[in-house]
Structure formats: C-alpha cells, structure tokens
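What follows is a structure written as structure tokens; I'll ask about it next.
The values are calculated or read from the model by the stated rules, or taken from the named source; none is laboratory data. Keep in mind that what you see is a predicted model, and the values were worked out from it rather than measured. Methodologically, a virtual Cβ is constructed for each residue, glycine included, from the backbone with ideal geometry; neighbour enumeration extends over all protein chains shown.
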Ligand SMILES: NC(=O)c1ccc[n+]([C@@H]2O[C@H](COP(=O)([O-])OP(=O)(O)OC[C@H]3O[C@@H](n4cnc5c(N)ncnc54)[C@H](OP(=O)(O)O)[C@@H]3O)[C@@H](O)[C@H]2O)c1
C-alpha cells in the first residue's frame, strides 16, 4: 500500500512512517524540511508547506497514494483544504484528532461546570460545545488561536473521501517534546522521599499511550479499508489513576519516593485542572473492529522512556 503522510518526521509521525516502512509499505513523507528525518532511505520525501496547495497537490500527484494520513491537522482551514485536494487523488483519509474533543475536557480545564460524564468515554460521549480550547491561552504553539479538533473532524466527515478519525490520548515516549514522563520524574525527584497527592488528584485518570503502540494503532487504521468513515479512540486499555501512574514511573526509574494521599486535600489543586473530570477513553472499538493490541508492554514502555528522558 502507498501511504502519504503529512508531517511524518516528528514524534508520533516518525514512528508511524517507520512502522509502515517496516511492514513493506511505501510511506511517502511530506514536510517542510525543518526536521531531519531519521528514516529508512527507502522512504520518499517531499519538501513543502501544507499551507501551499500547489506543493501539496504536486506531491500527491507524484505519490499517487492509496491512503493519506494527516498527522498534523490542527485547524478547520487546514482540514478543509486537505479534503478538497484529496478528492480524486486517494481512496481514504486518516486524520489524527485528540481526546480533547470530549466535553469532559472543558470541565477538566475549568471552562465548564457541566457535571462530569461517566468514564470511560466512548466515541459517542458528548463533545465540547465550546470551540478553540487554546485561544488566548499562553501556549507556545503556532496554531493555538485556531486549533480545534472538533472542526477538523467535521471537515473530515464532510469531505468526499472517506475519513477515519483517530482520537489520541496523551502520548509519551522517546522524542516527546512535552516530556510527559520527564515532568513526572522531576516531580518525584523534587518530592524528596514522599510525594503527597490530594485524594482527587490521586484518583484522577488520563488515557495515555506509548508512542510505538499509538503508531501501531494508527497503522492499523491506515491499513484496514474497513476503517473508512469510522472514529476511534486510541490509548491504553485502562487509564491508570494518577497515583498508580506516578508509582509506575518511580519504579521504572528506580526512584524511592513514597506516594500517598494526605493533607494536600485541603489545598487547592493545580488551579487550571479540575480533577473531578477524568479523561479516560474507552478504546474497545479499535480493538474489536481493527484487531489492535499493544505490541509493547507498559513496564517496557516506561523503562524505554525513562532511559531516554535520563539521557
Ligand atoms: N503528543 C500528544 O500527546 C498528542 C495528543 C493528542 C493528539 N496528538 C496529535 O498528534 C499530532 C502530532 O504529531 P507529531 O507528534 O508527530 O508532531 P510533531 O512532532 O510536532 O511533528 C510535526 C511534523 O509535521 C511537519 N510539519 C510541521 N508543520 C508543517 C507544515 N506547515 N507543512 C508540512 N509539514 C509540517 C514537521 O516537519 P518539518 O518541521 O520539517 O516541516 C514534522 O514532520 C497532532 O495532530 C496532535 O494533535 C498528540
């Protein structure tokens, strides 16, 4: 199969490109050339900016892909331009979305006081009614003003090419520029032997995924024609409570920090997070429909990430 990846050289995209190339598929990468891809020589590379419709169209015409995977659709305008250029140029489209489409996310960030939805959140759980979750936020992110995966998904569904929408969890692993595990490590080390969590934070859950496993789930959706027109949550089978996650990170790093709940319960939690809103995703659909299962175990994933963070 020939797959055209928009942005296949970054943290998640590179892992998908590698996974597809390893399985013998032609994974063609389209990116600006600012990152240096550590990819097999067999991977065709097209340099161009996705904001340049001619560059994108020419690269698509050269690659003639069966499937286009947009790793980096952030705005409505980007998704609209993509569905338009893809019409007649590919059979299917796969768009990376996020768990932040769910209404629960607004509660978590303090933007809504609608009572929490029951978890885990299946694909038909209520979506945010607000738009542009990062507009006005102090975010170091080029698309913060217009970012909204709900609008990206809507454009994907409205296009003439069948689109698969993948709602990703918090992704961790080597290459994670947000250092999700690194920040947990810092917190554990700074705690000086005992980390005290409020009861609410200790019980809070957030679906996570190791980058190699997430790449495998994305590849499953790319390669299975039955995924056309479907929406899937991606993430570990069980979203760990925060206290368990921190304990597992400590174990993987050999940090002797006890984690307990206690007096912090009277203190306000991190002001921007309301821990009553749990971001646990129900990932059964991708497992039953596409046969996805994690190739890397949770302990292995953490050891590999801790090793990278430590280096
Ligand atoms: N990380 C998480 O926890 C998480 C959670 C939920 C969803 N997601 C989703 O996962 C995706 C991020 O994937 P990633 O981690 O691989 O991203 P990344 O590390 O930021 O990589 C960005 C990729 O896109 C290319 N690129 C950037 N701007 C471009 C442009 N204008 N035209 C063409 N190529 C461009 C970059 O190469 P050049 O710089 O060389 O162009 C690179 O290949 C996003 O859709 C995000 O919403 C991530």
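Among the residues of the range 82-101, is any within 10 Å of the ligand (Cβ to nearest atom) and assigned to a loop (DSSP other than H, G, I, E, B)?
No, the conditions are met nowhere in the range 82-101.
While we're here: Any residue at all in the range 153-161 that's within 16 Å of the ligand (Cβ to nearest atom), in a loop (DSSP other than H, G, I, E, B) and surrounded by 19 or more Cβ atoms within 10 Å (Cβ to Cβ)?
Within the range 153-161, none of the residues are within 16 Å of the ligand (Cβ to nearest atom), in a loop (DSSP other than H, G, I, E, B) and surrounded by 19 or more Cβ atoms within 10 Å (Cβ to Cβ).
Scan 70, 22, 66 and give me the residue that is surrounded by 15 or more Cβ atoms within 10 Å (Cβ to Cβ) and either at positive phi or more than 15 Å from the ligand (Cβ to nearest atom) (or both).
None of the others qualify; the one that does is 66.
Is there a residue being in contact with a strand residue (DSSP E or B) (Cβ under 8 Å, 6 or more places away or on another chain), more than 29 Å from residue 1 (Cα to Cα) and buried (at least 20 other Cβ atoms within 10 Å of the Cβ) anywhere in the range 230-243?
yes
Within the range 139-152, work out how many residues are crowded, with 22+ Cβ neighbours inside 10 Å, outside any helix (DSSP H, G or I) and touching a helix residue (DSSP H, G or I) at 6+ places or on another chain (Cβ under 8 Å).
The number of residues fulfilling the criteria is 1.
Could you tell me whether any residue of the range 31-41 is within 10 Å of the ligand (Cβ to nearest atom), assigned to a loop (DSSP other than H, G, I, E, B) and buried (at least 23 other Cβ atoms within 10 Å of the Cβ)?
no
If I filter the range 196-225 down to residues being surrounded by fewer than 21 Cβ atoms within 10 Å (Cβ to Cβ) and more than 24 Å from the chain's Cα centre (by Cα), which single residue comes out as farthest from residue 162 (Cα to Cα)?
196
Also, I was wondering about something else. If the requirement is being farther than 26 Å from residue 133 by Cα and at pLDDT 95 or above, which of these qualifies: 281, 246?
246
Looking at the structure I just gave you, is residue 192 part of a loop (DSSP other than H, G, I, E, B) and at pLDDT below 95?
The answer is yes for residue 192.
Can I ask one more? Here is a list of conditions, (1) crowded, with 18+ Cβ neighbours inside 10 Å; (2) touching a helix residue (DSSP H, G or I) at 6+ places or on another chain (Cβ under 9 Å), and residue 59 meets all of them except one; can you say which number that is?
It fails just one condition, (2).
Same structure, new question: Determine if the range 169-180 includes at least one residue that is touching a helix residue (DSSP H, G or I) at 6+ places or on another chain (Cβ under 6 Å), on the phi > 0 side of the Ramachandran plot and surrounded by fewer than 20 Cβ atoms within 10 Å (Cβ to Cβ).
yes
Just name the residue that is surrounded by the most Cβ atoms within 10 Å (Cβ to Cβ) out of those in the range 181-195 that are over 20 Å from residue 234 (Cα atoms) and in contact with a helix residue (DSSP H, G or I) (Cβ under 8 Å, 6 or more places away or on another chain).
184
Then there's this: Among all residue pairs at least 6 apart or on different chains, which show Cβ distances below 6 Å where the first residue, located in the range 223-241, is over 24 Å from residue 158 (Cβ atoms) and the second is part of a loop (DSSP other than H, G, I, E, B)?
Cβ pairs passing all conditions: 235/169; 235/207; 235/283; 239/207; 239/280.
Can you name every residue in the range 91-134 that is without any contact (Cβ under 8 Å) to a residue 12 or more places away in the chain and out of contact with any helix residue (DSSP H, G or I) (no Cβ under 9 Å at 6 or more places or on another chain)? Steps first, please.
In the first step, residues of the range 91-134 are kept if they are without any contact (Cβ under 8 Å) to a residue 12 or more places away in the chain; the result is 113-115, 118, 124.
Answer for the range 91-134, where residues must be without any contact (Cβ under 8 Å) to a residue 12 or more places away in the chain and out of contact with any helix residue (DSSP H, G or I) (no Cβ under 9 Å at 6 or more places or on another chain): 118, 124.
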